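Some notes on the structure that comes next.
The values are calculated or read from the model by the stated rules, or taken from the named source; none is laboratory data. Note that the structure is a prediction, hence the values are computed from the model and not measured. Neighbour counts run over all protein chains shown; Cβ positions are idealised from the backbone, glycine included.
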Amino acid sequence: MIRIVALLALLTTTARAEMQSPDALLRDHLWRQVQTLEPGQRPRVGLVLSAGSVRGLAHIGVIHVLHDAGFPIDIVAGTSMGAVIGSFFSGGYSMEKMWSVGAKMRMNSGNNFSKIRLISLILNDQLLSSAPLEKLLNDGLGDRRFDQLDKPFACVAMDISTGEKIIFRDGPLAPAVRASMNMPGIFKPVLYRHRYLVDGGVVDYVPVDAAKLLGAEWILASVTEGDYSNDTPTNVLGALEQVIDIRGAILSRQQRREADYLIEPEVGKIAYYDVSRSVEVMERGMRAARKQLQGAKDNYILRSLPGLWSHWKPKQ
Amino acid sequence: MRRLTPILVVLLAGCGSIGRRAEIRLRLDNLSAEAAAGKHVSVIAALSGDTIHTLQKFARPRAYLLLGQSLRLNGELGKALQLFQLAEGLYPKNLSLLTELASVLHHAGLDDRARPYYRRILKIHPNNAASNHGIAEIFRSEGNLTASKLHYERTLSEMGWDQNALIWLDYGSVLLERRDFKEAVTALERSVSLSKTTNSLLALARAKRAFGDKAESRKHANAAFRLDPEREDALLQRGLWELEDMDLEAASATAQLVLSTESDHPLARWLRASVHLRRGELEQASADLVVAAAAGRKNPFIAKTARAMLERLMGNP
């Protein structure tokens, strides 16, 4: 019996001659050297996580791949779902824990969503509350402030009275992240620091500027835009989300150009509320990151050459 | 006696049937042995056409399996896929056939179609080694190294499969990618102990270096090169490590060895330029970088790096 199983094992695997190309050899060689440089000797890496509701869970897959590859990430900035994921990552969540949070995501995670409240929203104009998100964040990260995170982090919300973009990078973390993911029209604006705040996706879908404000010199942006081109919304929530998506897409055109490298998971067709596909969304994030990892490494190595150069040249 | 006659006839017929079954089993056993010996063409010839339909029902799933495997290993993926799809329709509960169908889809690059089959099999039989192996490879290619590691471990926990050096090599490479260096060294040592190949020795050398054991790393890299002196990548890998360890004499000699057979080799030129640079021989470094920068389409990363270095040498960062 053992012989038969072993035979099957041999039949199933076929010999592979994996010769590494000269390009791959040099990339590996330089990558190891870049990893030994301190921030400052190499450009500080800012990871920017876009808005995108459930689609934003793809950021978890992207971060997973970057982490496995040992990609140095010095600074994190996020909007809306990007802010939630970014806060967990900056707060030191392990990859497994982030994955588990993503997989357990429900429609009422971080809010008081229920069918009765939804009917009330439509009939009585009674907006829902996103207060439970603060509890979720405090439970996970322990009532921390921005300066107590493992990595510098910023998130973005919008002042609904003035239309201003508000970048949070100090003070208590939870209310700022809650404000960043506070979808207008569904959740009550969050009163924080004398401002009424709603989702930052309306003004800063891909917060490259927030990462630069924190000192990022090389930006890797994970963008999870919706593909609204063939969709006609059939309800109030869908219409609202689509308006935010369209505005986000227009805003992100410039922000994309400002990023040094983009990873765009194929999640455009996934509805903003479809939590049943959260694992698939995270896996799509992984696939996209895996596909683009080599390009990101190449780009970053070339930008880090000045730092390497000082090690290569003989001392005068 | 008359009463016993029909019983005897039935018994004799039964014996005949048992004899025929034994004969078919023996024939399929022989074909399995031929497949294991790599004689796929003769297995395909023996089972092609209507041959399978002439066999007794009990033997047909095994015959489909043998023929399909031989087609796959003979590189006839399209035919193997057609055959396994047909067999899946006929025997939807046969795990071996389902596994093979998934495997063919996976090898044809149709991972999205292979994955549901693997999942279906693993739901019924979580320890199915072939499916664990297939899905481990898919997860690896998609960047899900945690899931890949888990399925490789399940594969290697099965008897027989734990003797497969290639699977240990793949598992060790996943661990290396995940930066689990200690575990990677253990897995790759196992692969080398089962079968010493250039690939396994090089992977072990990489793991040892990542783990901080530079001397052992170079020892294994040398062994890899001795095993297959034609493997240019093994030689260049060794050269890059020599440079990393500031053994400039050795790195220069390695670059020279490659350049003696291909004078414009871009990576060997880059390696030699790096040695010149560290020695302060800037003109020689520039000359080599100019050649490396012309690598163009075939090695765009080397070309870009060399160009950037040249600009720095010219004082134009």
(message) Can you report the number of residues in the range A:173-207 which are assigned to a helix (DSSP H, G or I) and buried (at least 24 other Cβ atoms within 10 Å of the Cβ)?
(response) 8
(request) Determine which member of the set A:5, A:84, A:62 is at pLDDT 95 or above and either within 14 Å of chain B (Cβ to nearest Cβ) or surrounded by 20 or more Cβ atoms within 10 Å (Cβ to Cβ) (or both). (result) A:62
(message) Go through (1) farther than 17 Å from residue A:29 by Cα; (2) within 12 Å of chain A (Cβ to nearest Cβ); (3) in contact with a helix residue (DSSP H, G or I) (Cβ under 9 Å, 6 or more places away or on another chain); (4) part of a loop (DSSP other than H, G, I, E, B) for residue B:230 and report which single condition fails.
(response) (3)
(message) Of the conditions (1) in a strand (DSSP E or B); (2) within 14 Å of chain B (Cβ to nearest Cβ); (3) among the aliphatic types (A, V, I, L, M), residue A:305 satisfies every one except a single condition; which number is it?
(response) (1)
(message) If I go through the range A:245-296 residue by residue, how many of them are part of a helix (DSSP H, G or I), within 19 Å of residue A:226 (Cβ to Cβ), away from chain B (no Cβ under 14 Å) and not β-branched (Val, Ile, Thr)?
(response) 13
(request) Please state which one of A:243, A:275, A:279 is under 22 Å from the mean Cα position of the chain (by Cα), under 24 Å from residue A:105 (Cβ atoms) and at pLDDT 90 or above. (result) A:279
(request) Provide a single number: the residues in the range A:11-43 that are hydrophobic (A, V, I, L, M, F, W, C), buried (at least 19 other Cβ atoms within 10 Å of the Cβ) and modelled with pLDDT under 90. (result) 1
(request) Identify, by number, the condition in (1) modelled with pLDDT of 95 or more; (2) buried (at least 24 other Cβ atoms within 10 Å of the Cβ) that residue B:251 doesn't meet. (result) (2)
(message) Being within 13 Å of chain A (Cβ to nearest Cβ), within 22 Å of residue A:26 (Cα to Cα), surrounded by fewer than 23 Cβ atoms within 10 Å (Cβ to Cβ) and not acidic (Asp, Glu) is the requirement here; does residue B:179 meet it?
(response) yes
(request) Write out, first by first residue and then by second, each pair whose Cβ atoms fall under 8 Å of each other, whose residues are 6+ apart or on separate chains, and whose first residue, in the range B:97-121, is without any contact (Cβ under 8 Å) to a residue 40 or more places away in the chain while the second is of a type in the set (Asp, Glu). (result) B:97/B:88; B:98/B:88; B:101/B:88; B:105/B:111; B:106/B:137; B:111/B:142
(message) Looking for something more than 10 Å from chain A (Cβ to nearest Cβ) and closer than 27 Å to residue A:61 by Cβ - is there at least one such residue anywhere in the range B:158-169?
(response) no
(message) Please go through the range A:36-57 and give me each residue that is of a type in the set (A, V, I, L, M), assigned to a strand (DSSP E or B) and in contact with a helix residue (DSSP H, G or I) (Cβ under 6 Å, 6 or more places away or on another chain), ordered by number.
(response) A:48, A:49
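Conditions (1) assigned to a helix (DSSP H, G or I); (2) closer than 13 Å to residue B:47 by Cα; (3) of a type outside the set (D, E, K, R), marked per residue:
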| site | (1), (2), (3) |
| --- | --- |
| B:59 | yes, yes, yes |
| B:67 | yes, yes, yes |
| B:72 | yes, no, no |
| B:75 | no, no, yes |
| B:84 | yes, no, yes |
| B:88 | yes, no, no |
| B:92 | no, no, yes |
| B:100 | yes, no, no |
(message) Return the residues of the range A:148-172 that are over 25 Å from residue A:67 (Cα atoms), surrounded by fewer than 24 Cβ atoms within 10 Å (Cβ to Cβ) and not hydroxyl-bearing (Ser, Thr, Tyr); say none if nothing qualifies.
(response) A:159, A:160, A:163, A:164, A:165, A:166, A:167, A:170, A:171, A:172
(request) For the range B:296-317, enumerate the residues that are more than 8 Å from chain A (Cβ to nearest Cβ) and outside any helix (DSSP H, G or I). (result) B:296, B:297, B:298, B:314, B:315, B:316
(request) Return yes or no: is residue B:218 in contact with a Phe, Trp or Tyr (Cβ under 9 Å, 6 or more places away or on another chain) and at the interface with another protein chain (Cβ under 9 Å from one of its Cβ atoms)? (result) no
(request) Go over the candidates A:172, A:233, A:152 one by one and state the one that is in contact with a Lys or Arg (Cβ under 8 Å, 6 or more places away or on another chain) and more than 27 Å from residue A:304 (Cβ to Cβ). (result) A:172
(message) Just to verify a result, which residue in the range B:73-108, among those that are polar (S, T, N, Q) and within 21 Å of the chain's Cα centre (by Cα), is nearest to residue B:120 (Cα to Cα)?
(response) B:99
(request) For residue A:66, state whether it is in contact (Cβ under 8 Å) with a residue 24 or more places away in the chain and touching a Ser or Thr at 6+ places or on another chain (Cβ under 8 Å). (result) no
(request) Quick one: count up the residues across the range A:211-263 that are under 24 Å from residue A:297 (Cβ atoms), in contact (Cβ under 8 Å) with a residue 60 or more places away in the chain and hydrophobic (A, V, I, L, M, F, W, C). (result) 10
(request) Would you mention how many residues in the range B:70-86 are at pLDDT 90 or above and crowded, with 22+ Cβ neighbours inside 10 Å? (result) 5
(request) From the list B:205, B:250, B:255, pick out the single residue that is in a helix (DSSP H, G or I) and under 29 Å from residue B:156 (Cβ atoms). (result) B:205
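Conditions tested, residue by residue: (1) among the basic types (Lys, Arg); (2) assigned to a helix (DSSP H, G or I); (3) crowded, with 24+ Cβ neighbours inside 10 Å.
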position: B:263; (1), (2), (3): no, no, no
position: B:273; (1), (2), (3): no, yes, yes
position: B:283; (1), (2), (3): no, yes, no
position: B:292; (1), (2), (3): no, yes, yes
(message) Every residue in the range B:39-55 that is outside any helix (DSSP H, G or I) and exposed (fewer than 12 other Cβ atoms within 10 Å of the Cβ), please.
(response) B:49, B:50
(request) Look at the range B:199-218 and say how many of its residues are aliphatic (A, V, I, L, M), farther than 15 Å from residue B:247 by Cβ and surrounded by fewer than 23 Cβ atoms within 10 Å (Cβ to Cβ). (result) 1
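For (1) of a type outside the set (A, V, I, L, M); (2) under 12 Å from the mean Cα position of the chain (by Cα); (3) part of a loop (DSSP other than H, G, I, E, B), each residue gets a yes or a no:
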position: A:59; (1), (2), (3): yes, yes, no
position: A:65; (1), (2), (3): no, no, no
position: A:70; (1), (2), (3): yes, no, yes
position: A:85; (1), (2), (3): no, yes, no
position: A:99; (1), (2), (3): yes, no, no
